[in-house]
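First comes the structure, then the notes that go with it.
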Amino acid sequence: MRWIFFCLVSLGLVGSAAAEITFRPEAEGQALARELMERIPPEKRAQMPWLKDPGPGKRLRDGEVRDVPFSFPTLSERLAQFDAVDPLHTQLFDDTVHSTHSPSRALIETKTPCLWKKSKAVGPDADGTGRTYTVTTIYDCGQAYLMTVEGDYRNRQGKGIIYNDALYNDPVGNRFLTHQQGLRHDGQVQTTLLWLNARYKITYALYHPDTTDFDIPALRAVLVATARQQYAEMEAQAAQATDK
């Protein structure tokens, strides 16, 4: 199973993610991504290595790890980035308030060694009412740290597209499909897990030393369990709408 062209998923959904999401083949997304990247001046593109298209046949398959020339932020650097976020566009939640906003938080804290550090929500009213576009959370995992991004497309307006062959060909059979990829630099690894469907997108990015004995399967199991919870909520809401 090929990993979704993540750069394109990000570019394609920012500003256009919505209550109505459609799936399209990855080849279409790759073509669009190349077109978008060609619009970026070469000197700017050189400063954004994550936007580089690895080329046909070189994209990571599920579970693969690729060496990259750029380093990853440390936990302290990542927390500092959170503190620097424009307060007009985000809301920093404390430990009590945020507990109602992250579908996976309880599972992460009980099934992994990770402890909550900080969260931010982005949305039309990121003030504790629940109508947020995405919630980003950072966890301290000892020798590693975890950053999760949990998005609810239903709280945005308009239409959006997700480029994914598996979901395009079988959106029902692959509704709990998760992906894993890794990027490695100078002994440090970013292991990324992703699940998405027509309403939700959840990403886990674990930053850890290459030698760290962190239970990635346990983290992936948390993601799948969260996906099942979110999908059950979708089905219950659909059933209620039908009964009305």
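The table for this structure:
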| read-out | value |
| --- | --- |
| ALA106/ALA239 FRET efficiency (R0 22 Å; Cβ-Cβ; nearest 0.05) | 0.35 |
| Percent of alpha-carbon pairs separated by more than 17 Å within the stretch 180-236 | 43 |
| Chain lengthening between ARG228 and GLN81 when straightened (0.36 nm per residue, less Cα-Cα) | 49.8 nm |
| From phi via Karplus (6.51, -1.76, 1.60), per-residue ³J(HN,Hα) for the stretch 66-73 in Hz, x at Gly/Pro | 10, 6, 10, x, 10, 8, 10, x |
| Length gained when the stretch ASP210-PHE176 is fully extended (0.36 nm per residue, less Cα-Cα span) | 9.5 nm |
| Ranked by how many other beta carbons lie within 10 Å on average, peptides 196-205, 225-234, 168-177 from highest | 196-205, 225-234, 168-177 |
| ILE40 versus GLN188: modelled label distance in nm, points set 7 Å from Cα along the beta carbon direction | 2.0 |
| Listed residues THR22, THR192 arranged by accessible area, highest first, probe 1.4 Å | THR22, THR192 |
| Stretchable slack from VAL65 to ALA221, in nm (0.36 nm times residue separation minus alpha-carbon distance) | 54.2 nm |
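The values are calculated or read from the model by the stated rules, or taken from the named source; none is laboratory data. These numbers come from a predicted model, not from an experiment. When we count neighbours, we look across all protein chains shown, and the Cβ atoms used for this are built from the backbone with ideal geometry, even at glycine. Each accessible area value is taken on the protein alone, full model and side chains, heavy atoms only, with ligands, DNA and RNA left out. Shrake-Rupley method; radii C 1.70, N 1.55, O 1.52, S 1.80 Å.
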